[in-house]
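Computed from the coordinates by the stated procedures, all read-outs in this text should not be read as laboratory data. Everything numeric here is computed off the predicted structure, so don't read it as measured data. Note: ideal-geometry Cβ built from the backbone for every residue, glycine included; neighbour counts use all protein chains shown.
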Amino acid sequence: MQAEQISTMVHLNLGDKRSIRLDFPAGMLLLAMLFLSGISFAQTRGEVEVIKDPRIDTLIAHRLLAIKSSSAKSVNNSGWGYRVQFFISSDRNETYAKQAMFNQMYPELRTYIVYQEPNYKIKAGDFRSRLEAQKLMRDLRPQFPTLFIVSEKINPPKPDTSNDKN
């Protein structure tokens, strides 16, 4: 049995007694129609008009000035730095005792206790450079043999009140 091919006859009348007869397979005609319809609905370049309150630009400008002025004031006041982890234990009371001992030895340094189950960890200092943290580590080695330098977000240094004139 031979497959029948479906074809479509197209008759184009060009006027002035001219015409063209085309014989297409049905699939070709469908494809041509889809292509031509896609071209007719294609988007053309246009313009977009944004309507906004002019105060928005003013707010953006004020926000940028605030960010610039605050970043200029807080250069190197916070961010990432180093701390020395000098003690780790699962006993909370022992941890607080070691923190008190450290605070007596170094009252100018801040200490931080972090609980990561099942251990308490004590970290000290807010150092901007690893070299500063290594110096403290060298000084602490006799009292606290297990020491680590930890990179993390640090707090700004304590304000120096010794030079204040009241």
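Between A66 and Q143, what length comes free when the chain is fully extended (0.36 nm per residue of separation minus the Cα-Cα distance, one decimal in nm)? Could the numbers behind the result be given before it?
Values: separation 77, 0.36 × 77 = 27.72 nm, distance 4.65 nm.
Roughly 23.1 nm would be gained on extension.
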Would you be so kind as to identify which of M105, M137, S90 lies farthest towards the positive end of the dipole of segment 79-154, taking Lys and Arg as +1 and Asp and Glu as -1 on Cβ and the Cα centre as origin?
M137
Full-extension gain between Y106 and R92, please, as 0.36 nm times their residue separation minus the C-alpha to C-alpha distance.
2.9 nm
